[in-house]
Number of protein chains: 2
Amino acid sequence: MITLAVDCMGGDHGPRVTLAACRQFLARHPDARLLLVGQPAALGRFAHERAAIVAASEVVAMDDPLEIALRKKKDSSMRVAIEQVKLGAAQAAVSAGNTGALMAIARYVLKTVEGIERPAIAYPLPNAKGGATTVLDLGANVDCTAHHLLQFAVLGSALDSVLKGNEAPSVGLLNIGSEAIKGSDVIKRAGELLRAAGQSGDLNFAGNVEGDDIFKGTTDIVVCDGFVGNVMLKTTEGLAAMIGGFLRAEFSRNLFTRIAAVAAYPVLAAFRRRVDHRRYNGAALLGLRGLVFKSHGSADDVAFEQALHRAYDAARNHLLERVQARIAHAAPLLLPAAAEQPVDAAASVA
Amino acid sequence: MITLAVDCMGGDHGPRVTLAACRQFLARHPDARLLLVGQPAALGRFAHERAAIVAASEVVAMDDPLEIALRKKKDSSMRVAIEQVKLGAAQAAVSAGNTGALMAIARYVLKTVEGIERPAIAYPLPNAKGGATTVLDLGANVDCTAHHLLQFAVLGSALDSVLKGNEAPSVGLLNIGSEAIKGSDVIKRAGELLRAAGQSGDLNFAGNVEGDDIFKGTTDIVVCDGFVGNVMLKTTEGLAAMIGGFLRAEFSRNLFTRIAAVAAYPVLAAFRRRVDHRRYNGAALLGLRGLVFKSHGSADDVAFEQALHRAYDAARNHLLERVQARIAHAAPLLLPAAAEQPVDAAASVA
């Protein structure tokens, strides 16, 4: 039996969406239980033999500053959901709330795994091969050292091997050229560390990749700092929205184009399914002593259910233990991080 | 009369594409002259009363290291084209060659304008408003200081006001959130400098923007460092290619979808024109004492002609003088750069 703790109050739509997704999820997985965390008045209507309500009196708003979310709202649905993981009552927590608050609370409540200094957010993006490329960090770790990037690579490899059953997923380092001499000093040093990890068999390092490789699916995993990752993700959202808007505008231009849209409808629907970002919802917060998954804030019930499936798969396939095993295996590589930390930390101020 | 120097040997296709574009360009602009730079044997067939061949015996290959391009091939078509600008024989140079080599040679031959430490590459990307957002730097200035970003904003504003006739184009600072407290130390400091420039009337600073704002067209100009800019541009190329591929695949799946494609053809053609990246070809190398435009290496004749039009517009509208005037106006802001340089330079090593 897998138990997930669900922050039912989070996201742009709250219980209306999260509860609908929970119902669909329970129907799909007979061996799953859910802890529905939130204000009982908002969740009271929901009844299911494999669901229990866990009361939390407060809600972290999408625009709450970290300080408020972390220090003031100690009985928030987000925090109580994560505490269920800490207590062992659930194997994973899922929230569509404020990313910064989720990361801060998860880090505070669960702490990071030995050998990992910063948790990372790993997000799957669809690629031209029909699969998904796992990109991390998208968690706004703005100033990353080379060792942080190496840690992200280890975390991403563990996630990918668990969710896709690929024991040696390939890792690319996001850079501005394929040659090892490209990029900033941090990136070049990260390349050296990743090559060493590849040679020692701890990672399947495929070298530098460029932005277009993410959607080509050149490697299974792409590692970058949180600033670059965030810009990249937001840019792709912007471009996809613009292209979709142009397509709609052209098909609704006049009577003839509307008739063409009817003729092309099955094709356009198939196309839309193929690029449907809802299928890729559910980012993993990696490097914590517990599993936490983040849904997009604007997720509808289909998308939120997808995040629940991901959390379920991760729990069922022992992601946490496998992350820890990988990190233990890579310990000789990760250990120097502590020693070199001051140097990198000073450099990373830039 | 406007004279452009064209590196006819550059790009993936060389004279076959560049000469076809030159012919179309000359037909369109009766007041333009072209200096066709390259190996006479390759250009000999071209005859036009407003075109002259300037011989250059060497060609910079797309994969030539900077060292070779800059120090060994002193009679390359790329270099000779830029030298025409230096000599005053042409008002602008255009090349589809190796970006790194073009930037290095242009900087070596032309030098930067007073007050500008690093040239930047500015690229127009289509936006949902039907216009284009000018993004810079895409020229792989990997480690940028806050002052470099301020300089890029001044350069981009000059370009935009010249090419779009908008005297006070709005500038956004690419960041991971709209609040001033977001981002790395360099970004936060750049935000302070840009706000000061906005208050003194040297720039129309609109604050932080995120990745999706580029395609929304929230601001006329978006400023970022060359690493982020390169990743962003390559990622959008990758996503656009993937979406295009999916759309083609769905329309060619079977007989019925092929019939739907015929019905939808005029709409799809209109859509394709709207997102046709060739319309946006032609990036400006800004901050140099001469005008240089860079075409995408894979440009066809339509795209390369577009780069020629951009260079022509810039020369005709006195981009160089206007960049210099803007920089002179912003001098009190830009001047501290020299004083603070050592601090920033040390920090930017990361």
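Counting every C-alpha pair in the protein assembly as shown, the share spaced more than 47 angstrom apart comes to 21%.
Using the alpha-carbon positions of region B:1-47, Rg (one decimal) and Dmax (whole number) come out as 10.3, 30 Å.
For region B:246-263, the residues whose amide N sits under 13 Å from a probe point set 7 Å from the Cα of A:ILE259 along the beta carbon direction are B:263. In nm, to one decimal, how far is the modelled label at B:ALA269 from the one at B:ARG322, with both set 7 Å along Cα→Cβ? Result: 3.5 nm between the two label points.
Taking every residue in A:258-267 and counting other chain Cβ atoms within 10 Å of its Cβ, the average works out to 6. For region B:1-110, a Kirkwood hydrodynamic radius built from all Cα pairs, placed in the Stokes-Einstein relation at 25 °C and 0.890 mPa s, yields a translational diffusion coefficient of 180 µm²/s. Across identical copies of the chain, A:GLY130 has label-point separations of 4.0 nm, listed in ascending order, with the point defined 7 angstrom from Cα along Cα→Cβ.
Comment: the Cα-to-Cβ extended label point of B:GLY44, at 7 Å, lies 9.3 nm from its counterparts in the other copies, nearest first. Taking the fewest neighbouring Cβ atoms within 10 Å as the starting point, the ordered list for A:PHE205, A:PHE46 is A:PHE46, A:PHE205. Need one number: the % of Cα-Cα pairs in region A:141-285 sitting beyond the 28 Å mark. In whole percent, the share of Cα-Cα pairs in region A:141-285 beyond 28 Å is 34. Could you state the number of Å between the C-alpha centres of region A:37-51 and region B:200-265? Here the two parts' Cα centres lie 42 Å apart. Peptide A:214-227 has a mean shielding of 3, counted as Cβ atoms of other protein chains within 10 Å of each residue's Cβ.
Listed by number, the DSSP H helices of chain B that run 20 Å or longer by alpha-carbon position along their axis and have mean Kyte hydropathy of at least 0.5 are B:146-164, B:226-251, B:255-274.
B:ARG272 label point (Cα plus 7 Å toward Cβ) to equivalent points in the other copies: 2.3 nm, shortest first.
Which one of B:THR218, B:PRO30, B:GLY100 is farthest out on the positive end of the charge dipole of chain B, using unit charges on Cβ (Lys, Arg +1; Asp, Glu -1) and the Cα centre as origin? In chain B, that residue is B:PRO30. Protection proxy ranking for A:298-310, A:102-114, B:262-274, A:160-172, using the average of other Cβ atoms within 10 Å per residue and placing the highest first: A:298-310, A:102-114, A:160-172, B:262-274. Both radii were evaluated on the Cα set of chain A; the Rg over Rh quotient, with Rh as the Kirkwood radius, amounts to 0.99. Pairs spanning more than 19 Å between alpha-carbon atoms, out of A:LYS129/B:LYS216; B:LYS129/B:LYS188; A:LYS182/B:LYS188; B:LYS129/B:LYS164; A:LYS234/B:LYS182: A:LYS129/B:LYS216; B:LYS129/B:LYS188; A:LYS182/B:LYS188. For region B:75-187, a Kirkwood hydrodynamic radius built from all Cα pairs, placed in the Stokes-Einstein relation at 25 °C and 0.890 mPa s, yields a translational diffusion coefficient of 154 µm²/s.
Values quoted throughout were computed directly from the atomic coordinates according to the rules given, and no laboratory measurement underlies them. Not measured: the values here are computed from a predicted model. In this analysis, Cβ positions are derived from the backbone assuming ideal geometry, glycine residues included, and neighbour counts consider all displayed protein chains.
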